1. With a sphere of radius 14 Å drawn around the Cβ of residue B:108, what net charge do the other residues whose Cβ falls strictly inside it have (Lys, Arg +1; Asp, Glu -1)?
2. Mind pulling up the Rg/Rh value for chain A? Radius of gyration and Kirkwood radius, both on Cα.
3. What does the charge dipole of the range A:7-106 about its Cα centre add up to, to the nearest 20 debye, if the Cβ of each Lys and Arg holds +1 and the Cβ of each Asp and Glu holds -1?
4. Give me the net charge of residue A:13's neighbourhood, meaning all other residues with Cβ under 13 Å from the Cβ of residue A:13; Lys, Arg count +1, Asp, Glu -1.
5. Which of the GluC sites (Glu not before Pro) found in the range B:37-67 are loop residues per DSSP with 12 or fewer other Cβ atoms within 10 Å of their Cβ?
6. So for the protein assembly as shown, what percent of the C-alpha to C-alpha distances run longer than 22 Å?
7. For chain B, modelled as a GNM with alpha-carbon contacts under 10 angstrom, which of B:77, B:98, B:54 fluctuates the most?
8. Largest first, please: the extent of the C-alpha atoms of the range B:1-83 along each principal axis, to the nearest Å.
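FYI, it's all coordinate maths here, none of it is from the lab. Predicted model only: the values in this text are computed from it and were never measured. Cβ: placed from backbone, ideal geometry, glycine included. Neighbour counts: every protein chain shown.
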Amino acid sequence: LAKTTQPISMDSYEGQEVNITCSHNNIATNDYITWYQQFPSQGPRFIIQGYKTKVTNEVASLFIPADRKSSTLSLPRVSLSDTAVYYCLVVPSTGNQFYFGTGTSLTVIP
Amino acid sequence: GAVVSQHPSRVICKSGTSVKIECRSLDFQATTMFWYRQFPKKSLMLMATSNEGSKATYEQGVEKDKFLINHASLTLSTLTVTSAHPEDSSFYICSALSEEADTQYFGPGTRLTVL
């Protein structure tokens, strides 16, 4: 299983773009990358998922370079309500077990 | 998006009693569901994989006789914490695998407090 490494915490001011980078050097050919958001005392919420290049949805973008050894979650114009823990997961093509890393605790400052 | 519910959201019990937590996928069928636990300020830890119609697969170090899992239908999995003790107090979260979306959707979690 590919281990993921993320910054433990980040701070950002409201309205700024936030980029959270995740390292996954041992990612396998068929693995894909998934990001979740978790608020205190709630279950994780799916944000975005991708295999390579760039994926964008209504809440975030995911950038994956050609070697796929890292990925960057980009949150445009964050607000106070984006304060949460963000988890990067590398998901195997089979089995589908999720093994969570430490996550990144994002604090948005007014 | 897909919705997963858990019941109860919060439970307090006495040491030695058993507690059952339900996990339901409300708008999709899930052959596979997962159970996690999370301690304060810590990450989620996978406990077991629940497969509809078959035995659950437990992660290393998780006692299968302590944490009984039943996945009797395509929309319901239950976790029973047997003979609960204070050290079992935690936040238990389930997820359901959506084959259509090829990802997991998580329930809101159940806060268990054992006195």
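1. On the way: positive: A:45, B:10, B:24, B:111; negative: B:22.
Cβ neighbours under 14 Å give a net charge of +3.
2. Working: Rg = 13.3 Å, Rh = 14.0 Å.
Ratio of gyration radius to Kirkwood radius: 0.95.
3. Numbers: 6 positive and 7 negative charges, 56 e Å.
The calculated dipole for the range A:7-106 is roughly 280 debye.
4. Details: positive: A:77; negative: A:11, A:14, A:17, A:82.
Cβ neighbours under 13 Å give a net charge of -3.
5. In loop regions of the range B:37-67 (DSSP not H, G, I, E or B), the sparsely surrounded GluC sites (Glu not before Pro) are B:63.
6. On the way: 13144 of 25200 pairs.
When all Cα pairs of the protein assembly as shown are counted, 52 percent exceed 22 Å.
7. Judging by the Gaussian network model, the answer is B:54.
8. Ordered largest first, the range B:1-83 gives principal extents of 35, 25, 25 Å.
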